[in-house]
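Asker: Below you'll find the structure I mean.
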């Protein structure tokens with residue numbers, strides 16, 4: 001019984017790590033990492049800074065998904081973020097949740 005429980009816990013942990021890696025891969029394939037890095041500000045803010053700013057706010061994932069799809073101007077400085085219309089609504093939400101998970 002204990003071995004089975006340990007197996008379930010280990011499998012759950014691997015699924016979580018796998019999802020985080022998949023979301024990081026989605027961020028790469030969607031072009032997010034062309035202007036953003038996880039830890040360091042480049043053209044745009046560090047993704048961890050975005051996660052910190054919106055941590056604990058109701059509707060943050062939906063708000064960020066909208067910004068991913070529609071672009072943004074003036075929130076993080078003078079350089080606008082262009083719209084990413086090629087990103088599906090579902091993927092925009094996954095990306096937003098991934099960003100928020102970095103906090």
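Asker: Report the full-extension gain for the segment residue 76 to residue 55: residue separation times 0.36 nm, less the Cα-Cα distance, to one decimal in nm.
Answerer: The residue 76-residue 55 span can extend by a further 6.0 nm.
Asker: Suppose R0 equals 25 Å; then what is the FRET efficiency for residue 90 and residue 38 from their Cβ-Cβ distance, rounded to the nearest 0.05?
Answerer: Working: r = 22 Å, r/R0 = 0.88.
Computed FRET efficiency for residue 90 and residue 38 comes out at 0.70.
Asker: Using label points projected 7 Å from each Cα along Cα→Cβ, tell me how many nm separate residue 28 and residue 101, to one decimal.
Answerer: 1.6 nm
Rule-based calculations on the coordinates, nothing more; no lab input. On a predicted model such as this, the values are computed, not experimentally measured, just so you know. With ideal geometry, Cβ positions are generated from the backbone for all residues, glycine too; neighbour counts draw on all protein chains shown.
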